[in-house]
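All remarks here apply to the structure that follows.
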Amino acid sequence: GVLTPVVFLGVTPLVLMLVISFRRRHGLVAVLSLAGLGLTLAALSSVTGSAGPPVAPLLVIDAFSLFFIGLFSVATMVVVVLSYPYLERSLENREEFYLLLTLATFGCAVLAASNHFVSFFLGLEILSVSLYGLVAYFRTTRAALESGVKYLILAAASAAFLLFGMALIYADLGSMDFTAMTAVVAGKAREPSLL
C-alpha cells in the first residue's frame, strides 16, 4: 500500500534493536541500516503513481510527503556512510547510534506525512527523543552531556507551549485535522484569535 515506505522506515529501528540485543557488530548494524533505508527508497518508487488520497485520519501520502521521505532517507544514508569510520575508531558502543539515527528519520517521515496535530506531535517527539541521545552520544565528554541536557530542557519547554497552542486552536476551530482546519479558517479569516 501507500504506507509501505513509512512502514519500512519504522521497522528498520526495530530490527536494529533486536540485532543489537543479540549481537554487537558495528558493520552488521550499519549495513542493516543502509538496507532498511534502501528498501524505503525502493518502496517510494512503487507508490509514486498511487499517491494522493489520505490513507488514515492522521497521515496523507502525497507527492510532497514522498519527496521528503526520500530526501530524509538519502540524507540518513549519507550520514551512516560518513559516520561509520569515525565511530569505528572513536567509540566502544557504536551500534546504538544507528538505532537513534533511523528512529529520528522515522520521526521526520511522520512529520512530513502528517495531516493532523496528533501525528504532527508524535512525529516531532519521536524525532526529539532520538536527538536527545544523538546530541549526548559522546557521553564521556562534558560538552556532549551539557548540550544534551540543555536540548532536553528546551524541547520539554517548547513541547509544553506547542501543546497549549494546539489546545487553543482546537478550542477555537473544533478540529485538529489540517484539512478541516483550512476549511474552517477560510470562513473565520477576520477573527482576532486566528491572526
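The values are calculated or read from the model by the stated rules, or taken from the named source; none is laboratory data. Every value quoted in this text rests on a predicted model; they were computed, and no experiment measured them. No Cβ is skipped: glycine too gets one built from the backbone with ideal geometry, and neighbour counts run over all protein chains shown. Surface accessibility is based on the protein's heavy atoms, side chains included, excluding ligands, DNA and RNA. Shrake-Rupley method; radii C 1.70, N 1.55, O 1.52, S 1.80 Å.
Among residues of the range 138-163 that are of a type outside the set (A, V, I, L, M, F, W, C), those with a Cβ under 8 angstrom from a residue that is part of a helix (DSSP H, G or I) and open to solvent by 50 Å² or more (accessible area, probe 1.4 Å), sequence gap 6+ or separate chain, pair up as ARG139/LEU145; SER147/VAL135; GLY148/VAL135; TYR151/LEU131; TYR151/VAL135.
Of the residues making up the range 130-176, those that are closer than 23 Å to THR105 by Cα, not basic (Lys, Arg) and not in a helix (DSSP H, G or I) number 3. Candidates VAL81, VAL74: the one that is under 20 Å from PHE8 (Cα atoms), within 17 Å of the chain's Cα centre (by Cα) and not basic (Lys, Arg) is VAL74. If you go through the range 162-195 and keep only what is at pLDDT 80 or above and loosely packed, with under 13 Cβ neighbours inside 10 Å, you end up with LEU163, PHE164, GLY165, ALA167, LEU168, ALA171, GLY174.
Could you check, for the range 92-103, whether at least one of its residues is touching a residue at least 24 places away in the same chain (Cβ under 8 Å), touching a His at 6+ places or on another chain (Cβ under 8 Å) and farther than 27 Å from MET181 by Cβ? Within the range 92-103, one or more residues are touching a residue at least 24 places away in the same chain (Cβ under 8 Å), touching a His at 6+ places or on another chain (Cβ under 8 Å) and farther than 27 Å from MET181 by Cβ.
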